[in-house]
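Read the figures in this text as sums done on the coordinates, not as results from a lab. For clarity, every value in this text was computed on a predicted model and none was experimentally measured. Counting neighbours? That spans all protein chains shown, and the Cβs are built from the backbone with ideal geometry, glycine included.
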Amino acid sequence: MDHFVAPESFLRATERRMPAEDRNAFFKYIGESQASSLAILKEKPGNRDGRYFLGAAEGVLAAFAITIDHNKRETFRHGKRAYQYQLGIVEEQWDYYDSYVTIGLYEYIVANLPWYMKWVAQIAGYKGTTERGFNYLRLAATKSEFVSVNARNVLVVLCLREKLYDEALENAQFLHRSYPRNFLLHLNVAQIFTEMNRPEQAADVYMKIIEQAEARTPNYQKMPLGVFRYNIGKALMNMGRLELAERLFTAAIQDPATAERERALSHLCLAQVLDLRGDRQQAVANYQQVLSAANFEDSHSTAQVYLKTPYRRGK
């Protein structure tokens with residue numbers, strides 16, 4: 001969710017590459033969907049379902065272009081096609097609410113382009129408003145037959161971007177109730193509580209997620225516990241929940257399945273927590289453990305600084 005709330009992260013260069021096998025499979029299935037839709041339209045020109053699924057395929061291709069290929073030109077090209085297909089359906093049948101998720105997202109994105117791109121978009125015929133975007137997405141979330149889950153997921157992200165925290169939380173909790181075994185939806189609820197400056201509720205949700213992962217609740221057992229203990233420990237540390245953070249960093253260190261990176265960084269964070277709690281002797285021992293491990297994210301330099309001077313917040 002952090003990536004989508006700050007979508008400029010998709011525009012930065014990255015060394016990550018999608019495996020060729022997965023990429024080929026993606027385009028194979030999208031191609032099959034498009035071929036099926038075109039076959040429907042050949043037999044029944046103007047068929048609503050054929051046009052809808054062609055538009056849906058274009059929307060998926062737009063999402064792929066921006067999140068995987070970081071290609072703005074292809075994103076706009078597929079996005080505009082998706083919008084045109086769905087808009088054409090709505091102009092003929094205004095209450096075909098499944099089309100509104102694409103139309104709403106398109107309107108919002110175009111309305112919120114950076115200033116240096118907006119004038120180019122307007123010249124090219126791209127137009128939209130934030131208000132209409134939200135209205136269309138809300139219609140899709142509450143009245144569509146098939147895409148209400150998609151619309152609510154989009155609303156969670158956009159409401160967070162616009163600081164509409166209550167609406168973001170309502171949609172996130174609705175999704176988590178609907179899919180209680182999806183730990184990512186559970187995490188979204190905790191993240192929103194954090195954004196709302198409700199640390200007690202955020203900490204409570206984070207700990208419930210960890211407890212379910214440790215209990216190997218179905219699907220929660222798929223969480224890489226070392227990574228999540230470290231990341232959630234950092235979140236709790238930032239909230240001032242030092243006792244809970246200490247518990248998670250210690251568990252990450254003691255678990256033999258924890259990867260080397262998370263183990264080293266957990267030692268570093270645990271040392272900082274111990275400094276804050278006044279246990280300098282144990283803090284020093286953990287800083288030394290950091291130095292005995294590989295250097296991750298400049299952890300050695302950080303540990304050396306706090307071996308000389310105890311860690312304090314904001315330093």
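Below are the figures for this structure:
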| read-out | value |
| --- | --- |
| Whole-Hz couplings from phi, Karplus 6.51/-1.76/1.60, listed for segment 59-65; x for Gly and Pro | x, 5, 5, 5, 4, 5, 4 |
| Formal net charge of residues neighbouring GLU162 (Cβ-Cβ distance under 15 Å; K, R +1; D, E -1) | -2 |
| Given [x] -0.32, -0.43, -0.93; [y] -0.28, -0.38, -0.84; [z] -0.37, -0.48, -0.86, the label whose value is log10 I(q)/I(0) by the Debye sum over Cα atoms at q = 0.06, 0.07, 0.11 Å⁻¹ derived from this model | [y] |
| Distance in nm between pseudo-label sites at SER33 and LEU113 (7 Å out along the Cβ direction from Cα) | 2.5 |
| Between helix 183-195 and the chain: long-axis angle, C-alpha atoms, 0 to 90°, nearest 10 | 70 |
| Relative contact order [Cα under 8 Å, 6+ residues apart], the chain, whole percent | 8 |
| Extended-chain gain in nm, criterion 0.36 nm per residue less alpha-carbon gap, SER178 and LEU291 | 36.1 nm |
| Surrounding net charge for ALA39, when Lys and Arg each add one and Asp and Glu each subtract one, Cβ distance under 14 Å | 0 |
| Binned Cα-Cα distances of segment 130-208, short to long, each 10 Å bin given as a whole percent | 20, 50, 25, 5 |
| For a label point 7 Å along the Cα-to-beta-carbon line of ALA259, residues of segment 221-235 with backbone N under 11 Å | 224-228 |
| Residues LEU242 and LEU164, FRET efficiency given R0 of 35 Å [Cβ-Cβ distance, rounded to 0.05] | 0.65 |
| Radius ratio Rg over Rh of segment 69-117, counting only Cα atoms, Kirkwood formula for Rh | 1.04 |
| Likely footprinting exposure, GLU262, GLU297, GLU74, fewest C-beta neighbours within 10 Å first | GLU297, GLU74, GLU262 |
